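Colleague: Input: one structure, supplied below.
The values are calculated or read from the model by the stated rules, or taken from the named source; none is laboratory data. What you are looking at is a predicted structure, and each value in this text was computed from that prediction instead of being measured. Every residue, glycine as well, gets a Cβ built from its backbone with ideal geometry; the counts of neighbours run over all protein chains shown. For accessibility, only protein heavy atoms count, side chains too; no ligands or nucleic acids. Shrake-Rupley method; radii C 1.70, N 1.55, O 1.52, S 1.80 Å.
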Amino acid sequence: MASSLLNGERAVVALFISRTLYTTPLDLLSEGLFLSLLSLFALFLEIFAESSSSFSQFKTRPGASSGILLGAITLPNVMISRLIQRSRAVSLNDIDVGDLEHLRIQYWTVTACCFSMLLFIAFSLRKVPQNQHSISSRGVWGVQFGLSWLSLYAATYCVFFAVKLHNDSAVCSELLWVLFQGLAAQKLLQHVLSTFPFCASIGEALLVSAGITIYSGDMVALTLAKINVPHLSTGFVFVGNGILRSEISIIIQGILLGLLLFPAFFKLLIKVWYQFRSLENPDERACHEIEKSAIFFTSLAFILIVIVPSWMQIVKDFDVHPFLWVIGFIFSEPHKILPLFMYWVAVTCISVVRFYKISKKGTTERILLRKYYHLMAVAMFLPALIFQPKFLDLAFGAALALFLLLEIIRVWRIWPLGQLVHQFMNAFTDHRDSDVLIISHFSLLLGCALPIWMSSGFNDRPLAPFAGILSLGIGDTMASMIGYKYGVLRWSKTGKKTIEGTAAGITSVLAACSVLIPLLATTGYIFTQQWCSLILAVIISGLLEAYTAQLDNAFIPLVFYSLLCL
(Lines give C-alpha, C1' and ligand atoms only; values in the text may rest on other atoms or scores of the structure.)
Protein backbone atom coordinates (compact mmCIF):
# COMPACT_ATOMS: atom_id res chain seq x y z
CA MET A 1 0.00 0.00 0.00
CA ALA A 2 2.75 2.43 0.96
CA SER A 3 4.73 1.62 -2.18
CA SER A 4 1.72 2.41 -4.37
CA LEU A 5 1.22 5.76 -2.62
CA LEU A 6 4.87 6.81 -2.79
CA ASN A 7 6.04 6.04 -6.31
CA GLY A 8 9.21 7.30 -7.94
CA GLU A 9 7.70 10.41 -9.49
CA ARG A 10 6.12 11.55 -6.22
CA ALA A 11 9.37 10.93 -4.32
CA VAL A 12 11.33 13.10 -6.77
CA VAL A 13 8.67 15.83 -6.65
CA ALA A 14 8.82 15.73 -2.82
CA LEU A 15 12.61 16.17 -3.04
CA PHE A 16 12.10 19.08 -5.44
CA ILE A 17 9.63 20.81 -3.12
CA SER A 18 11.81 20.18 -0.07
CA ARG A 19 14.78 21.78 -1.80
CA THR A 20 12.70 24.88 -2.58
CA LEU A 21 11.27 25.19 0.92
CA TYR A 22 14.71 24.72 2.50
CA THR A 23 16.02 27.72 0.55
CA THR A 24 12.99 29.97 1.16
CA PRO A 25 13.91 32.96 3.40
CA LEU A 26 11.81 34.13 6.34
CA ASP A 27 10.32 37.10 4.47
CA LEU A 28 8.76 34.58 2.04
CA LEU A 29 7.49 32.30 4.79
CA SER A 30 3.81 32.70 3.87
CA GLU A 31 4.54 31.88 0.23
CA GLY A 32 6.42 28.76 1.32
CA LEU A 33 3.54 27.77 3.61
CA PHE A 34 1.03 27.95 0.79
CA LEU A 35 3.31 26.00 -1.49
CA SER A 36 3.35 23.24 1.14
CA LEU A 37 -0.43 23.27 1.48
CA LEU A 38 -0.94 23.26 -2.28
CA SER A 39 1.45 20.31 -2.60
CA LEU A 40 -0.41 18.29 0.04
CA PHE A 41 -3.79 18.94 -1.58
CA ALA A 42 -2.45 18.07 -5.03
CA LEU A 43 -0.93 14.84 -3.65
CA PHE A 44 -4.22 13.87 -2.01
CA LEU A 45 -6.21 14.52 -5.20
CA GLU A 46 -3.71 12.60 -7.33
CA ILE A 47 -3.89 9.54 -5.06
CA PHE A 48 -7.68 9.68 -4.95
CA ALA A 49 -8.07 10.40 -8.67
CA GLU A 50 -5.95 7.46 -9.77
CA SER A 51 -7.98 5.11 -7.55
CA SER A 52 -11.36 6.54 -8.59
CA SER A 53 -13.52 4.99 -11.28
CA SER A 54 -14.72 8.44 -12.32
CA PHE A 55 -11.25 9.50 -13.46
CA SER A 56 -11.95 8.13 -16.96
CA GLN A 57 -14.32 11.03 -17.65
CA PHE A 58 -11.34 13.33 -18.29
CA LYS A 59 -10.20 11.40 -21.40
CA THR A 60 -6.50 11.86 -20.73
CA ARG A 61 -3.54 10.72 -22.82
CA PRO A 62 -3.29 6.91 -22.86
CA GLY A 63 -0.39 5.44 -20.97
CA ALA A 64 0.24 8.49 -18.79
CA SER A 65 -0.40 8.86 -15.07
CA SER A 66 -2.60 11.68 -13.86
CA GLY A 67 0.39 13.90 -13.03
CA ILE A 68 -1.77 16.15 -10.83
CA LEU A 69 0.94 16.73 -8.23
CA LEU A 70 3.69 17.60 -10.72
CA GLY A 71 1.36 19.74 -12.85
CA ALA A 72 0.02 21.68 -9.85
CA ILE A 73 3.32 22.54 -8.17
CA THR A 74 5.70 23.17 -11.09
CA LEU A 75 4.75 26.79 -11.87
CA PRO A 76 4.35 27.80 -8.18
CA ASN A 77 7.84 26.38 -7.56
CA VAL A 78 9.21 28.36 -10.49
CA MET A 79 7.61 31.55 -9.19
CA ILE A 80 8.82 31.13 -5.61
CA SER A 81 12.32 30.34 -6.91
CA ARG A 82 12.27 33.59 -8.85
CA LEU A 83 10.99 35.37 -5.73
CA ILE A 84 13.97 34.00 -3.79
CA GLN A 85 16.27 35.18 -6.54
CA ARG A 86 14.68 38.65 -6.64
CA SER A 87 14.78 38.94 -2.84
CA ARG A 88 18.57 38.50 -3.03
CA ALA A 89 18.69 41.30 -5.57
CA VAL A 90 16.57 43.62 -3.40
CA SER A 91 18.85 43.02 -0.42
CA LEU A 92 21.79 44.04 -2.60
CA ASN A 93 19.88 47.05 -4.04
CA ASP A 94 20.28 45.64 -7.56
CA ILE A 95 16.58 45.93 -8.46
CA ASP A 96 13.61 48.01 -7.36
CA VAL A 97 11.12 46.73 -4.80
CA GLY A 98 8.36 47.10 -7.42
CA ASP A 99 9.82 44.20 -9.41
CA LEU A 100 9.65 42.00 -6.35
CA GLU A 101 6.06 43.02 -5.63
CA HIS A 102 5.04 42.33 -9.21
CA LEU A 103 6.54 38.86 -8.98
CA ARG A 104 4.80 38.33 -5.65
CA ILE A 105 1.43 39.09 -7.29
CA GLN A 106 2.35 36.63 -10.05
CA TYR A 107 3.07 33.96 -7.45
CA TRP A 108 -0.30 34.42 -5.75
CA THR A 109 -1.97 34.39 -9.16
CA VAL A 110 -0.30 31.10 -10.08
CA THR A 111 -1.32 29.47 -6.81
CA ALA A 112 -4.89 30.74 -7.28
CA CYS A 113 -4.97 29.21 -10.76
CA CYS A 114 -3.66 25.85 -9.52
CA PHE A 115 -6.02 25.87 -6.53
CA SER A 116 -9.03 26.65 -8.73
CA MET A 117 -8.19 23.83 -11.14
CA LEU A 118 -7.67 21.37 -8.28
CA LEU A 119 -11.06 22.39 -6.93
CA PHE A 120 -12.62 21.67 -10.34
CA ILE A 121 -10.99 18.23 -10.41
CA ALA A 122 -12.21 17.49 -6.88
CA PHE A 123 -15.80 18.36 -7.77
CA SER A 124 -15.59 16.35 -10.98
CA LEU A 125 -14.47 13.27 -9.05
CA ARG A 126 -17.69 13.31 -7.05
CA LYS A 127 -19.35 11.51 -9.97
CA VAL A 128 -18.82 7.99 -8.62
CA PRO A 129 -21.00 5.11 -9.85
CA GLN A 130 -23.88 4.60 -7.44
CA ASN A 131 -24.06 0.85 -8.04
CA GLN A 132 -20.71 0.39 -6.29
CA HIS A 133 -21.66 1.19 -2.72
CA SER A 134 -18.29 0.53 -1.10
CA ILE A 135 -16.41 2.60 -3.64
CA SER A 136 -19.07 5.30 -3.53
CA SER A 137 -18.89 5.54 0.26
CA ARG A 138 -15.12 5.88 0.26
CA GLY A 139 -15.26 8.25 -2.71
CA VAL A 140 -17.78 10.61 -1.13
CA TRP A 141 -15.83 10.65 2.15
CA GLY A 142 -12.55 11.25 0.34
CA VAL A 143 -13.90 14.08 -1.77
CA GLN A 144 -15.57 15.71 1.24
CA PHE A 145 -12.30 15.51 3.14
CA GLY A 146 -10.41 17.02 0.24
CA LEU A 147 -12.95 19.79 -0.32
CA SER A 148 -12.86 20.66 3.37
CA TRP A 149 -9.12 21.15 3.28
CA LEU A 150 -9.32 22.99 -0.04
CA SER A 151 -11.92 25.34 1.45
CA LEU A 152 -9.63 25.93 4.42
CA TYR A 153 -6.83 26.63 1.97
CA ALA A 154 -8.95 29.18 0.13
CA ALA A 155 -9.99 30.97 3.32
CA THR A 156 -6.44 31.05 4.66
CA TYR A 157 -5.21 32.16 1.25
CA CYS A 158 -7.45 35.22 1.27
CA VAL A 159 -6.56 36.10 4.87
CA PHE A 160 -2.83 35.87 4.29
CA PHE A 161 -3.08 37.79 1.05
CA ALA A 162 -4.99 40.60 2.76
CA VAL A 163 -2.61 40.71 5.74
CA LYS A 164 0.39 40.70 3.44
CA LEU A 165 -0.85 43.75 1.59
CA HIS A 166 -2.92 45.43 4.31
CA ASN A 167 -1.12 48.74 3.74
CA ASP A 168 -1.89 48.75 0.04
CA SER A 169 -4.99 50.73 -0.95
CA ALA A 170 -5.42 48.54 -4.04
CA VAL A 171 -5.52 45.25 -2.11
CA CYS A 172 -9.19 44.61 -2.94
CA SER A 173 -8.76 45.04 -6.69
CA GLU A 174 -5.56 42.98 -6.67
CA LEU A 175 -7.24 40.18 -4.72
CA LEU A 176 -10.20 40.20 -7.11
CA TRP A 177 -7.80 40.08 -10.03
CA VAL A 178 -6.03 37.06 -8.57
CA LEU A 179 -9.30 35.24 -7.96
CA PHE A 180 -10.53 36.14 -11.46
CA GLN A 181 -7.36 34.60 -12.89
CA GLY A 182 -8.09 31.44 -10.92
CA LEU A 183 -11.57 31.22 -12.40
CA ALA A 184 -10.19 31.80 -15.90
CA ALA A 185 -7.67 28.98 -15.42
CA GLN A 186 -10.41 26.60 -14.33
CA LYS A 187 -12.51 27.44 -17.42
CA LEU A 188 -9.49 27.03 -19.66
CA LEU A 189 -8.73 23.63 -18.14
CA GLN A 190 -12.27 22.50 -18.93
CA HIS A 191 -11.88 23.76 -22.50
CA VAL A 192 -8.53 22.00 -23.00
CA LEU A 193 -9.78 18.66 -21.69
CA SER A 194 -13.01 18.77 -23.71
CA THR A 195 -11.61 20.18 -26.96
CA PHE A 196 -8.47 18.02 -27.11
CA PRO A 197 -9.39 14.60 -25.70
CA PHE A 198 -6.61 12.02 -25.24
CA CYS A 199 -3.95 14.65 -26.02
CA ALA A 200 -2.62 15.37 -22.52
CA SER A 201 -2.61 14.11 -18.97
CA ILE A 202 -4.29 16.09 -16.20
CA GLY A 203 -0.91 17.38 -15.04
CA GLU A 204 0.05 18.55 -18.51
CA ALA A 205 -3.33 20.25 -18.93
CA LEU A 206 -2.85 21.93 -15.53
CA LEU A 207 0.55 23.28 -16.56
CA VAL A 208 -0.66 24.55 -19.94
CA SER A 209 -3.83 26.14 -18.55
CA ALA A 210 -2.01 27.93 -15.74
CA GLY A 211 0.76 29.10 -18.07
CA ILE A 212 -1.58 30.49 -20.72
CA THR A 213 -3.74 32.18 -18.08
CA ILE A 214 -0.78 33.92 -16.44
CA TYR A 215 0.73 34.91 -19.79
CA SER A 216 -2.48 36.36 -21.22
CA GLY A 217 -3.57 37.90 -17.91
CA ASP A 218 -0.27 39.76 -17.65
CA MET A 219 -0.89 41.35 -21.06
CA VAL A 220 -4.48 42.25 -20.15
CA ALA A 221 -3.40 43.78 -16.84
CA LEU A 222 -0.73 45.83 -18.56
CA THR A 223 -3.31 47.04 -21.10
CA LEU A 224 -5.72 48.12 -18.37
CA ALA A 225 -2.92 49.91 -16.56
CA LYS A 226 -1.94 51.77 -19.74
CA ILE A 227 -5.40 52.94 -20.80
CA ASN A 228 -6.13 54.37 -17.31
CA VAL A 229 -9.50 52.77 -16.68
CA PRO A 230 -11.16 54.61 -13.75
CA HIS A 231 -11.05 52.66 -10.44
CA LEU A 232 -9.10 49.88 -12.18
CA SER A 233 -5.72 51.25 -13.19
CA THR A 234 -4.74 51.89 -9.55
CA GLY A 235 -5.16 48.21 -8.77
CA PHE A 236 -2.94 47.18 -11.65
CA VAL A 237 0.13 49.20 -10.70
CA PHE A 238 2.13 46.15 -9.72
CA VAL A 239 0.17 43.65 -11.82
CA GLY A 240 0.67 45.56 -15.04
CA ASN A 241 4.10 46.95 -14.26
CA GLY A 242 6.05 43.77 -14.81
CA ILE A 243 9.69 42.93 -15.12
CA LEU A 244 9.75 42.02 -18.83
CA ARG A 245 8.64 45.11 -20.69
CA SER A 246 11.03 45.38 -23.61
CA GLU A 247 9.81 45.82 -27.16
CA ILE A 248 10.77 42.23 -27.99
CA SER A 249 8.77 40.76 -25.10
CA ILE A 250 5.68 42.80 -26.02
CA ILE A 251 5.91 41.78 -29.68
CA ILE A 252 6.26 38.09 -28.80
CA GLN A 253 3.43 38.25 -26.27
CA GLY A 254 1.09 40.07 -28.65
CA ILE A 255 1.67 37.74 -31.60
CA LEU A 256 1.35 34.53 -29.57
CA LEU A 257 -1.84 35.67 -27.84
CA GLY A 258 -3.26 36.83 -31.15
CA LEU A 259 -2.65 33.40 -32.68
CA LEU A 260 -4.13 31.64 -29.64
CA LEU A 261 -7.30 33.73 -29.93
CA PHE A 262 -7.47 33.52 -33.72
CA PRO A 263 -9.14 30.03 -33.93
CA ALA A 264 -12.16 31.31 -31.97
CA PHE A 265 -12.43 34.31 -34.31
CA PHE A 266 -12.08 32.12 -37.39
CA LYS A 267 -14.65 29.65 -36.05
CA LEU A 268 -17.13 32.52 -35.70
CA LEU A 269 -16.48 33.63 -39.27
CA ILE A 270 -16.99 30.09 -40.55
CA LYS A 271 -20.33 29.84 -38.75
CA VAL A 272 -21.47 33.05 -40.38
CA TRP A 273 -20.22 31.81 -43.73
CA TYR A 274 -22.14 28.54 -43.33
CA GLN A 275 -25.36 30.52 -43.01
CA PHE A 276 -25.00 31.71 -46.57
CA ARG A 277 -23.41 28.69 -48.22
CA SER A 278 -24.67 25.10 -48.38
CA LEU A 279 -22.19 22.19 -48.45
CA GLU A 280 -24.69 19.55 -49.55
CA ASN A 281 -23.64 19.57 -53.21
CA PRO A 282 -20.41 17.52 -53.61
CA ASP A 283 -19.53 19.33 -56.84
CA GLU A 284 -19.06 22.57 -54.93
CA ARG A 285 -16.80 21.23 -52.18
CA ALA A 286 -13.59 22.27 -53.92
CA CYS A 287 -14.95 25.78 -54.35
CA HIS A 288 -15.99 25.87 -50.70
CA GLU A 289 -12.51 24.78 -49.59
CA ILE A 290 -10.96 27.61 -51.60
CA GLU A 291 -13.40 30.11 -50.10
CA LYS A 292 -12.67 28.79 -46.61
CA SER A 293 -8.95 29.16 -47.27
CA ALA A 294 -9.44 32.72 -48.50
CA ILE A 295 -11.40 33.60 -45.36
CA PHE A 296 -8.71 32.02 -43.21
CA PHE A 297 -5.74 33.87 -44.68
CA THR A 298 -7.61 37.18 -45.01
CA SER A 299 -8.75 37.15 -41.39
CA LEU A 300 -5.30 36.00 -40.26
CA ALA A 301 -3.64 38.89 -42.07
CA PHE A 302 -6.14 41.33 -40.54
CA ILE A 303 -5.44 40.02 -37.03
CA LEU A 304 -1.65 40.03 -37.35
CA ILE A 305 -1.22 43.25 -39.32
CA VAL A 306 -3.94 45.46 -37.80
CA ILE A 307 -5.41 44.19 -34.53
CA VAL A 308 -2.32 42.74 -32.81
CA PRO A 309 0.05 45.64 -33.66
CA SER A 310 -2.58 48.11 -32.44
CA TRP A 311 -2.72 46.21 -29.15
CA MET A 312 1.09 46.31 -28.93
CA GLN A 313 1.18 50.05 -29.46
CA ILE A 314 -1.32 50.55 -26.64
CA VAL A 315 0.85 48.56 -24.27
CA LYS A 316 4.22 49.90 -25.46
CA ASP A 317 5.05 53.20 -27.14
CA PHE A 318 6.50 52.11 -30.47
CA ASP A 319 7.80 54.88 -32.73
CA VAL A 320 6.91 52.82 -35.81
CA HIS A 321 4.77 49.83 -36.66
CA PRO A 322 5.98 46.88 -34.51
CA PHE A 323 6.84 44.81 -37.58
CA LEU A 324 8.95 47.67 -38.94
CA TRP A 325 10.62 47.83 -35.54
CA VAL A 326 11.52 44.14 -35.90
CA ILE A 327 13.05 44.75 -39.31
CA GLY A 328 15.03 47.69 -37.93
CA PHE A 329 16.26 45.57 -35.04
CA ILE A 330 17.43 42.78 -37.35
CA PHE A 331 19.36 45.19 -39.55
CA SER A 332 20.77 47.15 -36.61
CA GLU A 333 23.70 44.71 -36.48
CA PRO A 334 23.55 42.90 -39.83
CA HIS A 335 27.15 41.65 -39.62
CA LYS A 336 26.24 39.69 -36.46
CA ILE A 337 22.59 38.76 -36.90
CA LEU A 338 22.39 37.85 -40.59
CA PRO A 339 25.23 35.25 -40.50
CA LEU A 340 23.59 33.65 -37.46
CA PHE A 341 20.24 33.60 -39.25
CA MET A 342 21.79 32.01 -42.36
CA TYR A 343 23.48 29.41 -40.13
CA TRP A 344 20.11 28.56 -38.57
CA VAL A 345 18.44 28.22 -41.97
CA ALA A 346 21.19 25.93 -43.24
CA VAL A 347 21.16 23.70 -40.15
CA THR A 348 17.34 23.51 -40.17
CA CYS A 349 17.02 22.68 -43.86
CA ILE A 350 19.77 20.07 -43.86
CA SER A 351 18.53 18.42 -40.67
CA VAL A 352 14.84 18.36 -41.59
CA VAL A 353 15.43 16.96 -45.07
CA ARG A 354 17.89 14.37 -43.77
CA PHE A 355 15.74 13.25 -40.82
CA TYR A 356 12.58 13.15 -42.91
CA LYS A 357 14.22 10.76 -45.39
CA ILE A 358 15.45 8.58 -42.52
CA SER A 359 11.99 8.49 -40.97
CA LYS A 360 10.46 7.37 -44.26
CA LYS A 361 12.91 4.48 -44.55
CA GLY A 362 11.99 3.29 -41.06
CA THR A 363 15.51 1.96 -40.35
CA THR A 364 16.04 4.18 -37.30
CA GLU A 365 14.01 4.02 -34.10
CA ARG A 366 11.62 6.95 -33.75
CA ILE A 367 12.91 7.83 -30.29
CA LEU A 368 16.48 8.19 -31.56
CA LEU A 369 15.36 10.23 -34.54
CA ARG A 370 13.56 12.65 -32.24
CA LYS A 371 16.63 13.03 -30.04
CA TYR A 372 18.64 14.15 -33.05
CA TYR A 373 16.41 17.22 -33.08
CA HIS A 374 17.44 17.86 -29.49
CA LEU A 375 21.05 17.89 -30.58
CA MET A 376 20.13 20.21 -33.44
CA ALA A 377 18.57 22.57 -30.87
CA VAL A 378 21.87 22.63 -28.96
CA ALA A 379 23.82 23.42 -32.12
CA MET A 380 21.45 26.26 -33.00
CA PHE A 381 20.59 27.85 -29.66
CA LEU A 382 23.75 27.53 -27.57
CA PRO A 383 25.97 29.91 -29.62
CA ALA A 384 23.10 32.38 -30.02
CA LEU A 385 22.37 32.43 -26.29
CA ILE A 386 26.00 33.29 -25.52
CA PHE A 387 26.56 35.93 -28.20
CA GLN A 388 23.10 37.15 -29.40
CA PRO A 389 20.56 36.58 -26.59
CA LYS A 390 18.15 39.36 -27.65
CA PHE A 391 17.92 38.09 -31.21
CA LEU A 392 17.43 34.57 -29.85
CA ASP A 393 14.45 35.83 -27.82
CA LEU A 394 12.90 37.23 -30.98
CA ALA A 395 13.72 34.09 -32.97
CA PHE A 396 12.07 31.86 -30.35
CA GLY A 397 8.91 33.95 -30.58
CA ALA A 398 8.90 33.80 -34.39
CA ALA A 399 9.47 30.03 -34.40
CA LEU A 400 6.73 29.42 -31.86
CA ALA A 401 4.34 31.63 -33.83
CA LEU A 402 5.17 29.66 -36.98
CA PHE A 403 4.53 26.36 -35.17
CA LEU A 404 1.20 27.64 -33.89
CA LEU A 405 0.18 28.79 -37.35
CA LEU A 406 1.14 25.48 -38.98
CA GLU A 407 -0.73 23.52 -36.30
CA ILE A 408 -3.85 25.65 -36.85
CA ILE A 409 -3.58 25.02 -40.60
CA ARG A 410 -3.11 21.29 -39.99
CA VAL A 411 -6.02 20.96 -37.55
CA TRP A 412 -8.43 22.95 -39.74
CA ARG A 413 -7.09 21.29 -42.94
CA ILE A 414 -6.74 24.65 -44.65
CA TRP A 415 -6.26 24.27 -48.40
CA PRO A 416 -3.67 23.83 -49.92
CA LEU A 417 -1.25 23.30 -47.00
CA GLY A 418 -3.34 21.47 -44.41
CA GLN A 419 -2.96 17.91 -45.66
CA LEU A 420 0.70 18.40 -46.61
CA VAL A 421 1.57 19.70 -43.15
CA HIS A 422 -0.35 16.82 -41.57
CA GLN A 423 1.56 14.20 -43.58
CA PHE A 424 4.92 15.84 -42.86
CA MET A 425 4.35 16.20 -39.11
CA ASN A 426 3.15 12.61 -38.76
CA ALA A 427 6.62 11.44 -39.73
CA PHE A 428 7.99 12.74 -36.41
CA THR A 429 5.19 11.87 -33.97
CA ASP A 430 5.23 9.28 -31.21
CA HIS A 431 2.80 7.80 -28.67
CA ARG A 432 2.47 11.15 -26.86
CA ASP A 433 1.01 12.85 -29.94
CA SER A 434 -2.44 12.34 -31.45
CA ASP A 435 -4.24 13.15 -34.68
CA VAL A 436 -6.06 15.96 -32.88
CA LEU A 437 -2.99 17.79 -31.63
CA ILE A 438 0.75 17.32 -32.19
CA ILE A 439 2.63 18.89 -29.28
CA SER A 440 6.16 17.44 -29.22
CA HIS A 441 7.75 20.22 -31.26
CA PHE A 442 5.97 22.85 -29.14
CA SER A 443 7.26 21.33 -25.92
CA LEU A 444 10.85 21.14 -27.19
CA LEU A 445 10.85 24.75 -28.36
CA LEU A 446 9.14 26.07 -25.22
CA GLY A 447 11.38 23.96 -23.01
CA CYS A 448 14.42 25.74 -24.47
CA ALA A 449 12.81 29.19 -24.66
CA LEU A 450 11.04 29.60 -21.30
CA PRO A 451 14.18 29.59 -19.09
CA ILE A 452 15.72 32.19 -21.41
CA TRP A 453 12.64 34.41 -21.40
CA MET A 454 12.23 34.18 -17.63
CA SER A 455 15.89 35.06 -17.06
CA SER A 456 15.59 38.45 -18.75
CA GLY A 457 16.31 41.31 -16.37
CA PHE A 458 18.18 40.55 -13.15
CA ASN A 459 19.91 37.17 -13.15
CA ASP A 460 22.61 36.24 -10.64
CA ARG A 461 22.62 32.61 -11.80
CA PRO A 462 24.12 32.68 -15.34
CA LEU A 463 23.42 28.98 -15.90
CA ALA A 464 19.65 29.43 -15.40
CA PRO A 465 18.94 30.56 -19.01
CA PHE A 466 20.67 27.38 -20.22
CA ALA A 467 18.33 25.12 -18.21
CA GLY A 468 16.28 24.02 -21.23
CA ILE A 469 19.21 23.54 -23.59
CA LEU A 470 21.21 21.57 -21.01
CA SER A 471 18.37 19.38 -19.72
CA LEU A 472 16.71 18.62 -23.07
CA GLY A 473 19.42 19.07 -25.66
CA ILE A 474 22.14 17.28 -23.72
CA GLY A 475 20.81 15.45 -20.65
CA ASP A 476 17.61 13.98 -22.08
CA THR A 477 19.30 13.13 -25.37
CA MET A 478 22.22 11.27 -23.80
CA ALA A 479 19.92 9.50 -21.35
CA SER A 480 17.74 8.20 -24.19
CA MET A 481 20.58 7.19 -26.50
CA ILE A 482 22.76 5.48 -23.88
CA GLY A 483 19.75 3.92 -22.19
CA TYR A 484 18.40 2.59 -25.49
CA LYS A 485 21.70 1.11 -26.68
CA TYR A 486 23.38 0.01 -23.46
CA GLY A 487 20.74 0.14 -20.73
CA VAL A 488 20.17 -3.06 -18.75
CA LEU A 489 19.09 -2.10 -15.23
CA ARG A 490 15.63 -0.55 -15.23
CA TRP A 491 14.29 1.81 -12.59
CA SER A 492 11.01 -0.11 -12.44
CA LYS A 493 9.61 -3.35 -13.79
CA THR A 494 7.02 -1.62 -15.98
CA GLY A 495 9.06 1.41 -17.10
CA LYS A 496 11.56 1.71 -19.94
CA LYS A 497 14.01 4.14 -18.31
CA THR A 498 17.33 2.61 -17.26
CA ILE A 499 19.85 3.47 -14.56
CA GLU A 500 22.62 3.59 -17.18
CA GLY A 501 20.68 6.15 -19.22
CA THR A 502 19.96 8.35 -16.21
CA ALA A 503 23.61 8.23 -15.12
CA ALA A 504 24.69 9.19 -18.65
CA GLY A 505 22.23 12.10 -18.71
CA ILE A 506 23.39 13.47 -15.33
CA THR A 507 27.06 13.04 -16.21
CA SER A 508 26.68 14.72 -19.60
CA VAL A 509 24.94 17.78 -18.11
CA LEU A 510 27.64 18.16 -15.45
CA ALA A 511 30.32 17.83 -18.12
CA ALA A 512 28.59 20.48 -20.25
CA CYS A 513 28.38 22.80 -17.22
CA SER A 514 32.10 22.35 -16.53
CA VAL A 515 32.81 23.53 -20.08
CA LEU A 516 30.16 26.25 -20.11
CA ILE A 517 31.16 27.94 -16.84
CA PRO A 518 34.71 28.93 -17.96
CA LEU A 519 33.35 29.97 -21.35
CA LEU A 520 30.78 32.28 -19.77
CA ALA A 521 33.36 33.60 -17.34
CA THR A 522 35.41 34.89 -20.29
CA THR A 523 32.40 36.96 -21.43
CA GLY A 524 32.11 38.77 -18.09
CA TYR A 525 29.72 36.62 -16.05
CA ILE A 526 30.45 36.28 -12.33
CA PHE A 527 29.45 32.93 -10.88
CA THR A 528 28.11 32.73 -7.34
CA GLN A 529 26.44 29.32 -7.59
CA GLN A 530 28.22 26.54 -5.71
CA TRP A 531 28.91 23.19 -7.32
CA CYS A 532 27.05 21.26 -4.62
CA SER A 533 23.78 23.07 -5.40
CA LEU A 534 24.40 22.64 -9.13
CA ILE A 535 24.99 18.91 -8.74
CA LEU A 536 21.82 18.57 -6.65
CA ALA A 537 19.81 20.42 -9.32
CA VAL A 538 21.16 18.15 -12.07
CA ILE A 539 20.46 14.98 -10.05
CA ILE A 540 16.87 15.96 -9.20
CA SER A 541 16.02 16.88 -12.78
CA GLY A 542 17.71 13.70 -14.03
CA LEU A 543 15.73 11.52 -11.63
CA LEU A 544 12.53 13.26 -12.67
CA GLU A 545 13.28 12.40 -16.30
CA ALA A 546 13.74 8.78 -15.25
CA TYR A 547 10.53 8.44 -13.25
CA THR A 548 7.94 10.78 -14.73
CA ALA A 549 5.30 9.55 -17.16
CA GLN A 550 4.48 13.13 -18.14
CA LEU A 551 5.79 15.04 -21.16
CA ASP A 552 9.36 15.56 -19.96
CA ASN A 553 10.07 18.33 -22.49
CA ALA A 554 7.53 20.48 -20.66
CA PHE A 555 8.41 19.78 -17.01
CA ILE A 556 12.14 19.04 -16.77
CA PRO A 557 13.39 22.44 -18.05
CA LEU A 558 11.12 24.29 -15.60
CA VAL A 559 12.18 22.09 -12.69
CA PHE A 560 15.86 22.47 -13.59
CA TYR A 561 15.47 26.24 -14.04
CA SER A 562 13.74 26.55 -10.68
CA LEU A 563 16.51 24.65 -8.92
CA LEU A 564 19.23 26.70 -10.62
CA CYS A 565 17.63 29.94 -9.42
CA LEU A 566 17.79 28.90 -5.76
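Colleague: Express the relative contact order of the stretch 470-566 as a whole percentage, based on alpha carbon pairs under 8 Å and six or more residues apart in sequence.
Modeller: Computed over the stretch 470-566, the figure is 30 percent.
Colleague: Taking a 19 Å limit on the Cα-Cα distance, which of the listed pairs K59/K493; K371/K497; K226/K267 fall beyond it?
Modeller: Long pairs (Cα-Cα over 19 Å): K59/K493; K226/K267.
Colleague: Where nothing but the Cβ of Lys and Arg (+1) and of Asp and Glu (-1) is charged, how large is the charge dipole of the stretch 1-125 around its Cα centre, in debye to the nearest 20?
Modeller: Roughly 300 debye for the stretch 1-125.
Colleague: What order, most packed first, do the peptides 312-320, 394-402 have when packing is the mean number of other Cβ atoms within 10 Å of each residue?
Modeller: Sorting 312-320, 394-402 by mean packing, highest first, produces 394-402, 312-320.
Colleague: For T24, T498, give the ranking by accessible area with the largest first, probe 1.4 Å.
Modeller: Output order, biggest surface exposure first: T24, T498.
Colleague: Also, I was wondering about something else. Against the empirical 2.2 N^0.38 Å scaling, what ratio does the C-alpha Rg of the stretch 440-566 come to? Intermediate values should be presented prior to the final figure.
Modeller: Numbers: Rg = 14.4 Å, N = 127, 2.2 N^0.38 = 13.9 Å.
My calculation over the Cα atoms of the stretch 440-566 gives 1.04.
Colleague: Also, quick follow-up: Less than 14 Å Cβ to Cβ from A210, Lys/Arg counted +1 and Asp/Glu -1: what total charge do the surrounding residues give? Could the numbers behind the result be given before it?
Modeller: Working: positive: K187; negative: E204, D218.
Overall, the nearby charge balance is -1.
Colleague: Using only the alpha-carbon atoms of the stretch 1-94, report the extent along each of the three principal axes, biggest first, to the nearest angstrom.
Modeller: 54, 27, 20
Colleague: Here's something else I'd like to know. Got a number for the accessible area of F381? Probe 1.4 Å, square angstrom, nearest 10.
Modeller: Approximately 30 Å² of F381 is accessible to the 1.4 Å probe.
Colleague: Continuing with the same structure: Can you give the extra length, in nm with one decimal, that the chain gains between S310 and A11 once fully stretched, where that is 0.36 nm per residue apart less the Cα-Cα distance?
Modeller: In short, 102.8 nm is gained.
Colleague: Between H191 and R126, what is the FRET efficiency for a Förster distance of 25 Å, r being their Cβ-Cβ separation, to the nearest 0.05?
Modeller: 0.75
Colleague: For the stretch 374-517, report the translational diffusion coefficient in µm²/s to the nearest whole number, using Stokes-Einstein at 10 °C, 1.306 mPa s, and a Kirkwood Rh over Cα pairs.
Modeller: 93
Colleague: Local charge sum around I73 (other residues, Cβ-Cβ under 14 Å, Lys/Arg +1, Asp/Glu -1)?
Modeller: Cβ neighbours under 14 Å give a net charge of -2.
Colleague: How long is the gain from R354 to F387 if the chain were fully straight, where each residue apart is worth 0.36 nm and the alpha carbon distance is subtracted? Spell out each step's value before the answer.
Modeller: Values: separation 33, 0.36 × 33 = 11.88 nm, distance 2.80 nm.
Stretched out fully, the R354 to F387 stretch lengthens by 9.1 nm.
Colleague: Rounded to the nearest 20 debye, what is the charge dipole size of the stretch 434-501 about its Cα centre when +1 sits on each Lys and Arg Cβ and -1 on each Asp and Glu Cβ?
Modeller: That gives a dipole near 340 debye.
Colleague: What number comes out for the charge environment of E500, summing +1 per Lys or Arg and -1 per Asp or Glu over other residues with Cβ under 14 Å away?
Modeller: On the way: positive: K485, R490, K496, K497; negative: E545.
Computed value for this residue: +3.
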